[in-house]
Amino acid sequence: MTTTAETQRSYVLEASARELADHRAELRSTLDRRRRDAETASTSATDGHGETEHLAIAEQLDNDARLDAMTRAALADVEAALRRVELGTYGICVECGEQIPEERLELLPATPMCIRCQTRVEQA
Ligand SMILES: [Zn+2]
């Protein structure tokens, strides 16, 4: 027999899982698009630009690399969360094993930890 609270929670978990799958698709297409843009940029960069333009392009590539790293990190979080969905451990804190509150999962579907553990890890 399931209680109303459990039913409510399973709805939230399902909704979060769907959101994670959407987010993963989005992050993957962002990375793909950026890879294609980077290829175009590096081809045109060798095509008779002045020194200043070279610097501007190098700076742009640097920014892209940072953005890329951020997108990859976000994608890794989302993929790890989806793996927990498959394993049936999604919504459970990887640190302490307590249930992560629904409000937190709705806000941060990819989070692996409850607020208490997250705070502890960030302060460590
Ligand atoms: Zn925890």
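The values are calculated or read from the model by the stated rules, or taken from the named source; none is laboratory data. In this text the structure is predicted, and so the values were computed from the model without any measurement. No Cβ is skipped: glycine too gets one built from the backbone with ideal geometry, and neighbour counts run over all protein chains shown.
Whenever a residue of segment 85-108 is within 9 Å of the ligand (Cβ to nearest atom), its partners that are assigned to a helix (DSSP H, G or I) and not hydroxyl-bearing (Ser, Thr, Tyr), lying with C-beta atoms within less than 7 angstrom and at least six residues away or across chains, give the pairs 93/117; 95/117; 96/117. Could you tell me whether residue 66 is modelled with pLDDT of 95 or more, in a helix (DSSP H, G or I) and either on the phi > 0 side of the Ramachandran plot or of a type in the set (Lys, Arg) (or both)? So residue 66 does not fit the description; no. Of all residues in segment 62-78, at least one satisfies being polar (S, T, N, Q), more than 26 Å from residue 10 (Cα to Cα) and either more than 15 Å from the ligand (Cβ to nearest atom) or touching a helix residue (DSSP H, G or I) at 6+ places or on another chain (Cβ under 9 Å) (or both). In segment 109-124, the qualifying residues are those that are aliphatic (A, V, I, L, M) and within 27 Å of residue 5 (Cα to Cα), and the one that is nearest to the ligand (Cβ to nearest atom) is 113. Any residue that is more than 13 Å from the ligand (Cβ to nearest atom), surrounded by fewer than 14 Cβ atoms within 10 Å (Cβ to Cβ), within 17 Å of the chain's Cα centre (by Cα) and without any contact (Cβ under 8 Å) to a residue 24 or more places away in the chain - is there at least one of those in segment 50-59? The answer is no, given that none of the residues of segment 50-59 is more than 13 Å from the ligand (Cβ to nearest atom), surrounded by fewer than 14 Cβ atoms within 10 Å (Cβ to Cβ), within 17 Å of the chain's Cα centre (by Cα) and without any contact (Cβ under 8 Å) to a residue 24 or more places away in the chain. The residue that is surrounded by the most Cβ atoms within 10 Å (Cβ to Cβ), counting only those in segment 90-102 that are of a type in the set (Val, Ile, Thr) and part of a loop (DSSP other than H, G, I, E, B), is 100. Residues that are acidic (Asp, Glu), within 15 Å of the ligand (Cβ to nearest atom) and surrounded by fewer than 17 Cβ atoms within 10 Å (Cβ to Cβ) are absent from segment 16-27. For segment 70-79, the set of residues classified as among the aliphatic types (A, V, I, L, M) and surrounded by 15 or more Cβ atoms within 10 Å (Cβ to Cβ) consists of 74, 75, 78, listed by residue number. When we screen 105, 82, 87 for residues that are loosely packed, with under 10 Cβ neighbours inside 10 Å, closer than 28 Å to residue 5 by Cα and not hydroxyl-bearing (Ser, Thr, Tyr), the only hit is 87.
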